[in-house]
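Take a look at the structure below.
The values are calculated or read from the model by the stated rules, or taken from the named source; none is laboratory data. In this text, all values refer to a predicted model and were calculated from it rather than measured experimentally. Methodologically, a virtual Cβ is constructed for each residue, glycine included, from the backbone with ideal geometry; neighbour enumeration extends over all protein chains shown. Protein only, heavy atoms only, side chains kept; ligands, DNA and RNA dropped before computing areas. Shrake-Rupley method; radii C 1.70, N 1.55, O 1.52, S 1.80 Å.
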Amino acid sequence: MSLPERHRLLEAAEALRGSHPMAFTGAGMSVQSGIPPFRGPGGLWTKIDPALFEIGAFRARPLESWRIIKEIFFDTLGRARPNAGHEALSRLERAGRLSGVVTQNIDGLHQAAGSRVVYEFHGNMRRLRCLECGRTPAVGTVSLEELPPRCPVCGGLLKPDFIFFGEAIPAEVQEASLSLARFSKCCLVVGSTGEVYPAAYIPQEARRHGATIVEINVRPSHFTDAVTDIFLQGPAAETLAALAELLGGSAPFQKS
């Protein structure tokens, strides 16, 4: 797929310039890193049973769930690397032209690319969480040779530290994400279909507080007709790289 027309890119760059922008990213952000989306044609839920990612089922059948988790998330997706879009957002943040990222993704690729202000709405697959003591060891510090893995401190059952069906979004992450949305004057939506709540409320909250919504997606989403002001139809990595290049010579925004 080609890049959006240049006049649309220039319009989006002007909206982002000097406007306290934030980014809100979904599965389409990481597709070009080799990570398939969960929903839609070819999505993960067409290949694996989502019931295994319901917290009650996980507690009842941890071995069955962990066999799939290890194969999909650690043996395969764990090798993914940031793409040009992740790197573009990181450059914009370092230049003072992006105030932070709220992401639905659990892959940790924003941080791997160097982004520092990242609110992970659905958690992170690179950490584990003990269901007994709450400790969160990094994946690499716990052996996954014997499943299900156990907490090295208390022996409790470990799960990936991302949100399963039936679990609540951490209150501190949700509040930080909403605060960023209320502060930002422009919200850059990248690769999100707008189908998953409560995450989809973030761009809507930004819009309610006067933000311009710039959307990058390969096809129209639930945001497009509802809240989007500028729609850039194209691949996330190349479109973000082009935007970052256009913004390269502009002055950083001034915080009020």
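Assuming charge only on the beta carbon of Lys and Arg (+1) and of Asp and Glu (-1), the dipole of segment 115-241 about its Cα centre is about 260 debye to the nearest 20.
Helix-only arithmetic for the chain: the sum of -39500 (n - 2.57) across DSSP H runs with n ≥ 4, divided by the residue total, places the mean residue ellipticity at 222 nm at -8000 deg cm²/dmol. A cut-off of 5 Å between modelled amide H atoms, ignoring neighbours fewer than 5 places along the same chain, links ARG129 with LYS159, ASP161. On full extension, the segment bounded by GLU54 and ARG6 gains 12.9 nm, given 0.36 nm per residue less the C-alpha separation. When the surface is traced with a 1.4 Å probe over the full set of protein chains, SER143 keeps roughly 80 Å² accessible.
Ligands, DNA and RNA aside, ASP229 has an accessible area near 70 Å² when probed at 1.4 Å.
Remark: relative contact order (the chain) = 28 percent; criterion is Cα-Cα distance under 8 angstrom and separation of 6 or more residues.
Close amide H partners of GLY123, meaning residues 5 or more places away or on another chain with modelled amide H under 5 Å apart, are ILE163. Just to confirm my numbers, what's the Cα centroid distance between segment 65-111 and segment 5-24 in Å? About 22 Å separates the Cα centre of segment 65-111 from the one of segment 5-24.
The accessible surface of the chain, taken with every protein chain in place and a 1.4 Å probe, is 51 percent carbon and sulfur. Computed across segment 61-105, the Kirkwood hydrodynamic radius from all distinct Cα-Cα pairs reaches 13.0 Å. Projecting the Cα positions of LEU63, TYR119, THR76 onto the charge dipole of segment 23-135 (unit charges on Cβ atoms of Lys, Arg, Asp and Glu, taken about the Cα centre) puts TYR119 furthest along the positive direction. Scan the chain and hand back the longest stretch that contains none of the GluC sites (Glu not before Pro) lying in DSSP loops with at most 10 other Cβ atoms within 10 Å. Segment 1-144 is the longest. How far is the Cα center of segment 181-211 from the Cα center of segment 124-167, in Å? First find each Cα centre; the distance between them is then 31 Å.
Take the Cα of ILE72, step 7 Å toward its Cβ, do the same at GLU132, and the gap between the two points is 2.7 nm.
Taking the DSSP bridge list for segment 103-256 and keeping only pairs wholly inside it, about 40 percent are antiparallel. Annotation: MET125 carries an accessible surface of approximately 10 Å², with a 1.4 Å probe and no ligand, DNA or RNA atoms counted. Taking trypsin sites (Lys or Arg not before Pro) in DSSP loop conformation with at most 11 other Cβ atoms inside 10 Å as exposed sites, the chain has its longest uninterrupted site-free stretch at 117-254.
Given +1 at the Cβ of Lys and Arg, -1 at the Cβ of Asp and Glu and no other charges, the dipole of the chain around its Cα centre is 400 debye to the nearest 20. For the chain, the spread of Cα coordinates along the three principal axes comes to 55, 38, 29 Å, biggest extent given first. The alpha-carbon positions of segment 11-123 define a convex hull whose volume is 113 Å³ per residue. About its Cα centre, segment 4-139 has a charge dipole of approximately 300 debye under the convention of +1 per Lys or Arg Cβ and -1 per Asp or Glu Cβ, with nothing else charged.
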